[in-house]
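Structure, as structure tokens:
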Amino acid sequence: MEKFEDYGIVIPFRRTHGNVKCVCPECQRQGKRRNLKDRSLSVNLDKGVWNCHYCGWSGVLKDGSHHYDDKPKREYKRPAPRPITELSRQLVSWFNGRGISELTLKRMQINEGKHSMPNSKPKQGDNRQWVEMNTVQFGYYLNGELINIKYRSGDKRFMFEAGAELIPYNIDAIADSDVCIITEGEMDCLSFIEAGYPYCISVPNGGGSKSAYLDDFMDGWFENKETIYIASDTDEKGIELRDELIRRFGAERCKVITYGSDCKDANEHLQKYGKESLQRCFKDAKDVKVDGVFTLSDYEDKLDAIYLTGLKKGFLIGHPNFDALCSFETKRLAIVTGIPGSGKSEFIDEMCVRINILYDYKVGFFSPENMPIELHAVKLIEKLCGKRLKQDDGTGNTIKPMEYKSAKEYYEENFFHILPEDGYTIDNILAKAKYLVKKYGIRVLVIDPFNRIESEQGNRETETQYISRVLDKLTNFAQQNDMLVFLMAHPTKIRKDINGGVPTLYDINGSANFYNKADFGIIVHRDRERKFTLVRVEKVKFRHLGEPGDAKFKFNVINGRYVPWEEGDVGTVFDTDNFIVKKMNEAITQPSMPMFAEPMQSSTINEDPFSGMPFLPTADEDVPF
């Protein structure tokens, strides 16, 4: 079986399917290019074909296959090819009124036509109604191939092609450019193109911090970008998007475009002030501050948001008894402890799975005590699917083959493991975590346990000073990369006659700094006599995020999940729902409903996390067609 390597084509690390950009070995052999590191070679890993946009070298693996077939991969639908229609005068007039010329519409292959659209956002328990409407259609192309279509109706309803892949809009335009502009929507992208900047793309799903659509494009499409201009909206969601893009790409090569106090986005500025003014916005883009010195203007927008809406509770895990005590934020360090066998690692996994399901936060684990990695994956997949991972034993409590396939696909894109080959030092662990931030956008890091970090205590450094230094590194990493870090640390030997045998953060072996430097402190303790698990929130540093208290749980040995429990409860109903399937169904049928029982802040799912199914983002302008 032929491999791409046989032709000198080096595929980026971890890429197993889809389209990638690579350095062209033929260009290097010819020696005609100034920049021999430019990734001008487009490779389709699924079809085994390649083509260089510079020298024209192309080819196909002779057997029509490749060496990645054993990897789990997502299967996407492609929209049926369709001709670009002649746009109606009414639609052209509408775009002209927003500063977009017919020439730009033709250049971007904007289409128009009838499509079945959701009639309304359904109420709880209702099925969505569909009605055929006239729509403007934005084609999403990759290497010239139509990958997805976003449909927009006249009354601001949106949806993607069912089952198609989410990719950045206009991604082909940045292939050979060393700069790019990233906007929050197609209209803003068209606005910059109208102003003379063709190297502009748009995120597919609006503002916010979800950026999974970038994962397959970080290698090859953005590595060569010297400057990335962030041109998001100036509202709360736009600020979230701006911060997430800066986090993924690195502040050192990002510039931020602003539009003035009376414009929230590029298209509004284009309408009010014209092309030359939008060009000045681009030229006046500001560097992202990286020197650690801040003035009020650097965080004024966030301060204003607090003034207008107050401090908000953080993100939750979906267990009402725990959520009443504690909510999490990124840029924080959460320390978890408990005596051996208490289930502290299990509860950390529980929190990570539920945070991922609710908020699409990807998770990286440094967990050498869960070796080999596949055993840790077993526990996480069982929590995700609600059943045991083994062949069907006739009980109905095992994962079926199709569920297993779906779980592997989901796991591949959401959970990652860190085991540095060059040593388990804190710097090596955080370097691997930083790679996962940039490449896959992880938002949660788990280090379990502390004592498996290789000690680098200096000769003149006390144990307390060493622990303080490591905790400072974890806190700084969380703040600089906008992440939540969970650290599990073992306590010293606990006397049963003190505090009922329940440890505290002060009992963690080595230093009181485990309490002093934690933003969150959580104790997990198993009461073996009464057969429940006590989860004690011992510390919440910021009062808007919660307060100390106890939550009790029963542990489900079948799938590793926890169920809230109170003294006097008769019988325990364990949850066996498949979270992955439920998440997909919630996204399609009830986008405004939370995954779990209690209402949860920021839990609205407005996109299908698997295949770009219909979603309803917000919009501001009316479309009279």
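Report yes if GLU412 is surrounded by fewer than 22 Cβ atoms within 10 Å (Cβ to Cβ), under 24 Å from GLU75 (Cβ atoms) and not aliphatic (A, V, I, L, M), otherwise no.
Values: surrounded by fewer than 22 Cβ atoms within 10 Å (Cβ to Cβ): yes; under 24 Å from GLU75 (Cβ atoms): yes; not aliphatic (A, V, I, L, M): yes.
Answer is yes for this residue.
From ILE167, ILE201, which residue is part of a strand (DSSP E or B), open to solvent by less than 20 Å² (accessible area, probe 1.4 Å) and not aromatic (Phe, Trp, Tyr)?
ILE201
Rundown of residues vs (1) out of contact with any Cys (no Cβ under 7 Å at 6 or more places or on another chain); (2) of a type outside the set (Ser, Thr, Tyr), yes/no style:
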position	(1), (2)
LEU214	yes, yes
ASP219	yes, yes
THR227	yes, no
ILE246	no, yes
LYS264	yes, yes
CYS281	yes, yes
Using beta carbons and a limit of 7 Å, which pairs, at least six apart or on different chains, have the first residue in the stretch 417-433 and over 19 Å from ILE467 (Cβ atoms) and the second one open to solvent by 50 Å² or more (accessible area, probe 1.4 Å)?
HIS417/ILE373; ILE418/LYS432; PRO420/LYS432
Filtering the stretch 360-382 down to residues that are buried (at least 21 other Cβ atoms within 10 Å of the Cβ) and assigned to a helix (DSSP H, G or I) yields LEU380, ILE381, GLU382
Does any residue in the stretch 105-118 that is closer than 15 Å to ASP172 by Cβ and open to solvent by 10 Å² or more (accessible area, probe 1.4 Å) come within less than 6 Å, Cβ to Cβ, of a residue that is part of a loop (DSSP other than H, G, I, E, B) and of a type outside the set (Ser, Thr, Tyr) six or more places away or on a different chain, and which pairs are these?
GLN109/ILE84
Write out, first by first residue and then by second, each pair whose Cβ atoms fall under 7 Å of each other, whose residues are 6+ apart or on separate chains, and whose first residue, in the stretch 455-468, is over 22 Å from LEU505 (Cα atoms) while the second is modelled with pLDDT of 90 or more and open to solvent by less than 70 Å² (accessible area, probe 1.4 Å).
GLU456/THR425
ILE339 vs. criteria in contact with a strand residue (DSSP E or B) (Cβ under 9 Å, 6 or more places away or on another chain), open to solvent by 10 Å² or more (accessible area, probe 1.4 Å), in a loop (DSSP other than H, G, I, E, B) and aliphatic (A, V, I, L, M)
yes
Odd one out for ILE239 among (1) surrounded by 20 or more Cβ atoms within 10 Å (Cβ to Cβ); (2) modelled with pLDDT under 95; (3) in a helix (DSSP H, G or I)
(1)
The stretch 259-281 - residue that is free of Cβ contacts under 8 Å to residues at least 60 places away in the same chain and open to solvent by less than 10 Å² (accessible area, probe 1.4 Å) and, of those, nearest to GLU194 (Cα to Cα)
TYR259
Could you say which residue among GLY206, GLY220 is on the phi > 0 side of the Ramachandran plot and either β-branched (Val, Ile, Thr) or open to solvent by 10 Å² or more (accessible area, probe 1.4 Å) (or both)?
GLY206
Could you run through the stretch 316-335 and say how many residues are open to solvent by 20 Å² or more (accessible area, probe 1.4 Å), of a type outside the set (A, V, I, L, M) and either touching a strand residue (DSSP E or B) at 6+ places or on another chain (Cβ under 6 Å) or farther than 19 Å from ALA518 by Cβ (or both)?
4
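The values are calculated or read from the model by the stated rules, or taken from the named source; none is laboratory data. Quantities reported herein were computed from a predicted structural model and do not represent experimental measurements. Counting neighbours? That spans all protein chains shown, and the Cβs are built from the backbone with ideal geometry, glycine included. All accessible areas refer to the heavy atoms of the entire protein, side chains included, with ligands and DNA or RNA removed. Shrake-Rupley method; radii C 1.70, N 1.55, O 1.52, S 1.80 Å.
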